[in-house]
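Working notes, beginning with the structure itself.
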Amino acid sequence: MKWWGWGDPHHRAELPSAAVDALRDELGVRPEDASEPVELAQVSMPDARPVPAAVEEAAGEVLGSLEDRVRRAAGRSYPDLVRLRSGKLDSAPDAVLRPADAGRVAATIAACAEEGVAVVPYGGGTSVVGGLDAVTGEHESVVSLDLSLLRKVDLDPVSLTARLGPGLTGPQAEEALGALGVTLGHFPQSFEEATIGGFAATRSAGQASSGYGRFDDLVTAIELTAPEGRMRTLDIPHTAAGPALREVVLGSEGTLGVITDVSCRVRPAPELRIYEGWMAADFAHGREIIRDLAQRHEMPDVLRLSDEEETRVSLELAGTEGLAKRALETYLSLRRRRGGCLVICGWEGERDSVRRRRSLGQAHLQRGGAVPLGSRAGRSWERGRYQGPYLRDELMDLGVMVETLETAHTWSRLDELYRAVGSALRGALGERSIVMCHLSHAYADGASLYFTFFTRARPGEQLDQWRAAKTAACEAIVATRGTITHHHAVGRDHAPYMPAEVGEIGIEALTAVKERLDPAGIMNPGKLLPL
Ligand SMILES: Cc1cc2nc3c(=O)[nH]c(=O)nc-3n(C[C@H](O)[C@H](O)[C@H](O)COP(=O)(O)OP(=O)(O)OC[C@H]3O[C@@H](n4cnc5c(N)ncnc54)[C@H](O)[C@@H]3O)c2cc1C
């Protein structure tokens, strides 16, 4: 991953020049707003404090170069990228420890507890909620615990479960499982970089969650290596033995210990994958179609609905201009459709099952008034499914602020939440902004809303602009009683909203669990629970 941005350093997202001009014009972005990331050698951050020898010895491998520390100093939210690109890091781990196995992890955190060193577990570094910030808490120093060497893959082909090491990235896990004829089916937009341990620690949700389930649905057993000992749940399909400890570990965001082993349900690799586009009359009609599909339990494996604004901007950024745009408009007008909202549906699995489920889904879409756009639109979505973060780097080069946030609510209050968050963001960002949304991760009782917003990044004021927008959106979510996060997790950015999410006694209960597993409070201070 680029130290200052996203993904493969040799890959750039192509932006059609007409779309760039239109966007600049709409947001009031000027040529002089363009900015490049500084050189790595120019990055300034606090000097590294010494890490006790006992900690280094327990870990086995210690990395301490400028680049090693910079790479683990931040996640990939907009403010993270602003700090990295400007080369001004106000915190960084004092050292990076890379244990070779779970035994080393246990020894390392025991030594850290003994010596009073804070530990930030590090997976793929894609947190967008400040989950990797090098906070010392009450301690003298802080280390990043890089789990990339824990990459075991062990398939039980009879039960169709796999034990996976936390350090496997999405592609590494899929490649190893694919060679054994199975898939996990977990494809978040951060797939290329994020890890199994990170998915579990943040309760991640992938683009095919309607079919395969969110990551926490896939987990059958989990191992937590905490400062006070190792805790592993049984490899069993289900249990009635009290509240599930698996659930306590899922979403613990490194605050209780390190997830050192995850057992997941896998499925036979799909024989067929078909993605296609539809155009719903508007967001409200599209939402009703998705609710209907979810409540009949007939959802495609991939299902997302863009609102009018996201549909417009996606078509522009995909280069749907000139002839292609006119052809699309003509096609839609023949079907008496002006504008509308893009729906992407994807079916995966055995040929017969795909055929049967697809024809059921298509019938519902048609009944709901959606117009088919065919598999070309689906293929175009598939090609671009991991391009968003590359595009963000390009837009930031131009001087555009780009950020996303997400939430969820029941169907009966989803529209209220949509309007509240949208208007909070528009209010904070001002008129020359774009606020767009898509609905994804649908359930019988509700769905998640994912907002993306653009505005001109005012040089030197980007962090204040971001804070104003983020605070306004979070307050709107809390006021509407939606969740502060459906799948990005809590980290440091959402921790102040946890009392609203779980209540004061809920915070005390979580704190009590933490005190039992991590009495010295070394594990990821300041994340999940407010300091
Ligand atoms: C461009 C982009 C797109 C994204 N798209 C999605 C998406 O579609 N769906 C989604 O759910 N999320 C998405 N995210 C958010 C992010 O990718 C997820 O939260 C992901 O699960 C984090 O995994 P990671 O391995 O990168 O973890 P990291 O970022 O390294 O860590 C995340 C948190 O988990 C803790 N942690 C990591 N590994 C462990 C471990 N083994 N044990 C204990 N704690 C651990 C860390 O301390 C940190 O608090 C996106 C992020 C970006 C930047």
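The values are calculated or read from the model by the stated rules, or taken from the named source; none is laboratory data. Nothing here was measured: the structure is a model prediction, and the numbers come from that model. Glycine also receives a Cβ, built like all others from the backbone with ideal geometry; neighbour counts cover every protein chain displayed. With ligands, DNA and RNA removed, areas are computed over all heavy atoms of the protein, side chains included. Shrake-Rupley method; radii C 1.70, N 1.55, O 1.52, S 1.80 Å.
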Fill in the blank from the handout: Of the residues in the stretch 264-319, those that are open to solvent by less than 30 Å² (accessible area, probe 1.4 Å) and free of Cβ contacts under 8 Å to residues at least 40 places away in the same chain come to T311
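In the list P37, P93, P31, P9, which residue meets the criterion of being at pLDDT below 95 and either closer than 21 Å to S127 by Cα or β-branched (V, I, T) (or both)?
On the way: P37 fails: at pLDDT below 95; P93 fails: at pLDDT below 95; P31 fails: either closer than 21 Å to S127 by Cα or β-branched (V, I, T) (or both).
Going through P37, P93, P31, P9 in turn, just one is at pLDDT below 95 and either closer than 21 Å to S127 by Cα or β-branched (V, I, T) (or both): P9.
Give D101, D133 a once-over and let me know the one that is of a type in the set (D, E, K, R), closer than 20 Å to E57 by Cβ and either in contact (Cβ under 8 Å) with a residue 12 or more places away in the chain or within 9 Å of the ligand (Cβ to nearest atom) (or both). Show your work before the answer.
Working: D133 fails: closer than 20 Å to E57 by Cβ.
Only one candidate qualifies: D101.
Can you find a residue that is in contact with a Gly (Cβ under 7 Å, 6 or more places away or on another chain) and within 14 Å of the ligand (Cβ to nearest atom) anywhere in the stretch 155-165?
Taking the stretch 155-165 as the starting set, the residues that turn out to be in contact with a Gly (Cβ under 7 Å, 6 or more places away or on another chain) are none.
Checked against the condition, which is being in contact with a Gly (Cβ under 7 Å, 6 or more places away or on another chain) and within 14 Å of the ligand (Cβ to nearest atom), the stretch 155-165 yields no hits at all.
Suppose the filter is within 13 Å of the ligand (Cβ to nearest atom), closer than 23 Å to Y390 by Cβ and either crowded, with 24+ Cβ neighbours inside 10 Å or more than 24 Å from the chain's Cα centre (by Cα) (or both); does G123 pass it? Talk me through it step by step, then tell me what you get.
On the way: within 13 Å of the ligand (Cβ to nearest atom): yes; closer than 23 Å to Y390 by Cβ: yes; either crowded, with 24+ Cβ neighbours inside 10 Å or more than 24 Å from the chain's Cα centre (by Cα) (or both): yes.
It is true that G123 is within 13 Å of the ligand (Cβ to nearest atom), closer than 23 Å to Y390 by Cβ and either crowded, with 24+ Cβ neighbours inside 10 Å or more than 24 Å from the chain's Cα centre (by Cα) (or both).
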Problem - Residues of the stretch 166-193 classified as more than 8 Å from the ligand (Cβ to nearest atom), open to solvent by 30 Å² or more (accessible area, probe 1.4 Å) and within 14 Å of the chain's Cα centre (by Cα), total - result: 1
Fill in the blank from the handout: For the stretch 194-206 the number of residues that are open to solvent by 30 Å² or more (accessible area, probe 1.4 Å) and more than 6 Å from the ligand (Cβ to nearest atom) is 1
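Go through the stretch 28-55 and give me each residue that's charged (D, E, K, R) and assigned to a helix (DSSP H, G or I).
E32, D33 - these are the residues of the stretch 28-55 that are charged (D, E, K, R) and assigned to a helix (DSSP H, G or I).
For the stretch 506-531, name all the residues that are of a type in the set (G, A, S) and surrounded by 14 or more Cβ atoms within 10 Å (Cβ to Cβ).
Residues of the stretch 506-531 of a type in the set (G, A, S): 506, 509, 512, 520-521, 526.
Scanning the stretch 506-531 gives A520, G521, G526.
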Practice task
Scan the stretch 422-435 and give yes if some residue there is modelled with pLDDT under 95 and surrounded by fewer than 20 Cβ atoms within 10 Å (Cβ to Cβ), otherwise no.
Solution key: yes
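Each row is one residue, and each column tells you yes or no for (1) in a strand (DSSP E or B); (2) within 16 Å of the ligand (Cβ to nearest atom); (3) within 25 Å of V135 (Cβ to Cβ).
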| site | (1), (2), (3) |
| --- | --- |
| Y443 | no, yes, no |
| L449 | yes, yes, no |
| D464 | no, no, yes |
| T485 | no, yes, yes |
| P525 | no, yes, yes |
| L529 | no, yes, yes |
Practice task
Report, ordered by the first and then the second residue, all pairs with beta carbons closer than 6 Å, sequence separation of six or more or different chains, a first member in the stretch 198-215 that is under 22 Å from G167 (Cβ atoms), and a second member that is polar (S, T, N, Q) and near the ligand (Cβ under 7 Å from one of its atoms).
Solution key: F215/S204
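Output the residues belonging to the stretch 135-147 that are buried (at least 17 other Cβ atoms within 10 Å of the Cβ) and within 16 Å of A73 (Cα to Cα). It would help to see each step written out before you state the result.
So in the stretch 135-147, the residues buried (at least 17 other Cβ atoms within 10 Å of the Cβ) come out as 135-136, 139, 141-147.
The answer is V135, T136, S141, V142, V143, S144, L145, D146, L147.
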Fill in the blank from the handout: With criteria (1) out of contact with any His (no Cβ under 9 Å at 6 or more places or on another chain); (2) within 29 Å of S91 (Cβ to Cβ), S127 comes up short on (1)
Fill in the blank from the handout: Of the residues in the stretch 365-379, those that are surrounded by fewer than 19 Cβ atoms within 10 Å (Cβ to Cβ) and assigned to a helix (DSSP H, G or I) come to Q366, R367, S375, R376, R379
Problem - Enumeration of residues in the stretch 62-96 that are under 29 Å from D393 (Cβ atoms), in a strand (DSSP E or B) and more than 13 Å from the ligand (Cβ to nearest atom) - result: L63, K88, A95
Practice task
Tell me which residues, restricted to the stretch 272-304, are of a type in the set (V, I, T), part of a strand (DSSP E or B) and over 25 Å from the mean Cα position of the chain (by Cα).
Solution key: none
Practice task
Of the conditions (1) at pLDDT below 95; (2) in contact with a strand residue (DSSP E or B) (Cβ under 6 Å, 6 or more places away or on another chain), A59 clears all except one; give me its number.
Solution key: (1)
Exercise for the section: Go through the residues of the stretch 86-107 one by one and say whether even a single one is buried (at least 21 other Cβ atoms within 10 Å of the Cβ) and β-branched (V, I, T). Expected result: yes
Exercise for the section: For the stretch 225-237, state whether one or more residues are open to solvent by less than 10 Å² (accessible area, probe 1.4 Å) and either within 13 Å of the ligand (Cβ to nearest atom) or among the polar types (S, T, N, Q) (or both). Expected result: yes
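One line per residue, one yes/no per condition, for (1) under 17 Å from S127 (Cβ atoms); (2) open to solvent by 30 Å² or more (accessible area, probe 1.4 Å):
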position	(1), (2)
A447	no, no
P459	no, yes
D464	no, yes
I477	no, no
M498	yes, no
E504	no, yes
Exercise for the section: Considering only the stretch 511-523, state which residues are part of a helix (DSSP H, G or I) and either within 15 Å of the ligand (Cβ to nearest atom) or under 16 Å from P121 (Cα atoms) (or both). Expected result: V513, K514, L517
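Might you check whether a residue that is among the acidic types (D, E), within 16 Å of the ligand (Cβ to nearest atom) and surrounded by fewer than 19 Cβ atoms within 10 Å (Cβ to Cβ) occurs anywhere in the stretch 241-256? Can you show your working first?
Let us first name the residues in the stretch 241-256 that are among the acidic types (D, E), namely 247, 253.
In the following step, the residues that additionally are within 16 Å of the ligand (Cβ to nearest atom) were identified as 247, 253.
With surrounded by fewer than 19 Cβ atoms within 10 Å (Cβ to Cβ) added as a condition, the list becomes 247.
Scanning the stretch 241-256 turns up at least one residue that is among the acidic types (D, E), within 16 Å of the ligand (Cβ to nearest atom) and surrounded by fewer than 19 Cβ atoms within 10 Å (Cβ to Cβ).
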